[in-house]
Amino acid sequence: MRVHYEPFEGRLRPYYVCNEAVVRHAGKHCQWVRGAPVDEAVSALLLEAMAPAAIDVALAVQQEITQRVEQAAALRGTQLQRARYEAELARRRYLKVDPDNRLVADALEADWNARLRDLDALQREHERQNEADRSLLDEPAQKRIRALAADFPRIWNDERAGAVERKRMLGLLIEDVTLLVDEQVNIHIRWRGGRTQSLSVTRPGPCQ
């Protein structure tokens, strides 16, 4: 579902709209619901979840970030190893060719050089990404996560915090939210780490 805004009493009112059929097939909206009740319910649940064990939540988030960083680094390492192997294989092919066969030798030399360029580019990207990943796991990053968890309610309710900042905070704690709209709005939340939680709110009428 996507967010759609409409003016209401001098402000923009958010709606959650499933409009794939409209965009792709000129059909009708699959489902829609006014966004404010959903946002309020998810915010209340978020604050409730953060209150009893804020530091534990922060550490769980940090652990998940660490796992994802390690998985990404392992994948890049495998790609780098493969690139080294292909460069070495291209070198051996070039060294085995008959020097008098210039056409084949030139082609194999060009392939070897291309493999070396690919390897160099991959190595540079691997080092750059490793440096960026370390910034996610260093002590300042850990302190920021702990500070966010410990002071989360005040930060979340601060009027100066805009939609972008709240989305970033949500992204640290919630994987995704699924809405099923009927007479009620059924909200299914998947937290970071795999835990799920569901709740329902009354679907407001169009004039509410």
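Charging the Cβ of each Asp and Glu at -1 and of each Lys and Arg at +1, and nothing else, the dipole of the range 86-128 about its Cα centre rounds to 60 debye.
Taking 25 Å as the straight-line reach from the Cα of residue 167, the lysines in range (excluding those fewer than 8 positions away in the same chain) are 143. Backbone phi angles across the range 123-130, fed through the Karplus curve with coefficients 6.51, -1.76 and 1.60 (θ = phi - 60°), yield HN-Hα couplings of 5, 4, 5, 4, 5, 5, 5, 4 Hz in residue order; Gly and Pro are listed as x.
Read the figures in this text as sums done on the coordinates, not as results from a lab. Computed from a predicted model, the values in this text were never measured in an experiment. Note that each Cβ is placed from the backbone with ideal geometry, even for glycine, and that neighbours are counted across all protein chains shown.
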